[in-house]
Amino acid sequence: MWPRLREHREVGVELHHSMRDGCIVVTLDGQINLFTAPRIQRALLKDLAERPFGIVCDLHGVDLLDPVCATVFSTVAHHPASDWPATSFLLCGARPAVAEVLERLAVPHFLPLCDTLEEALDRVAARPPYLRDELPLAPTATAPAAARLYVRDVLQYWQLALPDPDVIDRAELLADELVTNAVVHARTPLRLRLELYGDVLHIAVHDASPRLLRLVPDDSPDDPDDEGGLRLVERLATSCGVDRRPDGGKVVWCTLRLWGRPGRAAPSDA
């Protein structure tokens, strides 16, 4: 995790990192231009990989924002890693000239722009609460069974009023398949994470292998050499995907709607 305070200097811009209320606060001083934007983007994506509760980008020290480079924030906000687990990403403290550029490009329409850092932190804190738990696993033959037991124990511990008791069985099966794939194909230590946002359960397995497993379309012919049970994951999950991690590993994830109709849903409903 991030230390209490970290400072990263680049040509034309300075990035100061600190922690506030579970959020990473990134304070920018200087200019956002063609030279500094790529470095800012890399730093923010690295922050995102830490899976904080929120990331607040404080722009009060930015005296120039090249309109061509304003997309650096939308690129981070729409990066696949920002979808699971959900991390709030906000901007704050923009000077009038910088805020004008952001407004002209409609950035605040999809990325909150707050007047002050305190307002941004309050907005993150006001986000509906969620539940999260994580289990480290060794790449052994017993890992899938441990994953199934863990999923059942966690969902029961959360005391969810599930309308369909079979949903726990489906969650167990999805976790089993993701862990089995990691054991067979990655063969590295792994972490199984469960998160509940609203009525959607997020299940993900992180491993240290750079190999990106392919998701098998439902209409493809059976292939005994396909990536383990990912065909079953495609069929049972509401949505699923594979994301590369900056550390060289990957996260294979899926979601399951607990209080809705099982099976796949439109991306906008995931």
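Summed over region 19-38, the residues that are surrounded by 17 or more Cβ atoms within 10 Å (Cβ to Cβ) and within 24 Å of the chain's Cα centre (by Cα) give a count of 7. For region 149-199, a residue qualifies if it is over 22 Å from residue 130 (Cα atoms) and part of a loop (DSSP other than H, G, I, E, B), and the qualifying residues are 187, 188, 189.
Tallying residues that are surrounded by 15 or more Cβ atoms within 10 Å (Cβ to Cβ), among the aliphatic types (A, V, I, L, M) and under 21 Å from the mean Cα position of the chain (by Cα) within region 122-146 yields 3. Within region 58-71, the set of residues being in contact with a helix residue (DSSP H, G or I) (Cβ under 7 Å, 6 or more places away or on another chain), surrounded by 15 or more Cβ atoms within 10 Å (Cβ to Cβ) and modelled with pLDDT of 90 or more comprises 58, 59, 62, 65, 69.
When the residues of region 72-86 are filtered to those that are among the aliphatic types (A, V, I, L, M) and assigned to a helix (DSSP H, G or I), the one that is modelled with the highest pLDDT is 72. Flag: residue 127 does not match the condition of being assigned to a strand (DSSP E or B) and at pLDDT below 90.
Taking the conditions (1) surrounded by 19 or more Cβ atoms within 10 Å (Cβ to Cβ); (2) modelled with pLDDT under 95; (3) outside the structural domain of residue 23 (by TED's automatic domain parsing) in turn, residue 152 satisfies each one other than (1). Out of the residues in region 30-59 meeting the condition of being basic (Lys, Arg) and part of a helix (DSSP H, G or I), tell me which one is nearest to residue 118 (Cα to Cα). Out of the qualifying residues, it is 46. Set side by side, the residues 120, 182, 186 differ, and just one is within 30 Å of residue 61 (Cβ to Cβ), touching a residue at least 24 places away in the same chain (Cβ under 8 Å) and of a type in the set (A, V, I, L, M, F, W, C), which is 120. Would you mind stating whether residue 143 is in the same structural domain as residue 251 (by TED's automatic domain parsing) and touching a residue at least 60 places away in the same chain (Cβ under 8 Å)? Taking the combined requirement at face value, the residue does not satisfy it.
The values are calculated or read from the model by the stated rules, or taken from the named source; none is laboratory data. Note that this is a predicted model, so its numbers are computed, not measured. All Cβ positions, even for glycine, are placed from backbone atoms using ideal geometry, and neighbour counts span all protein chains on display.
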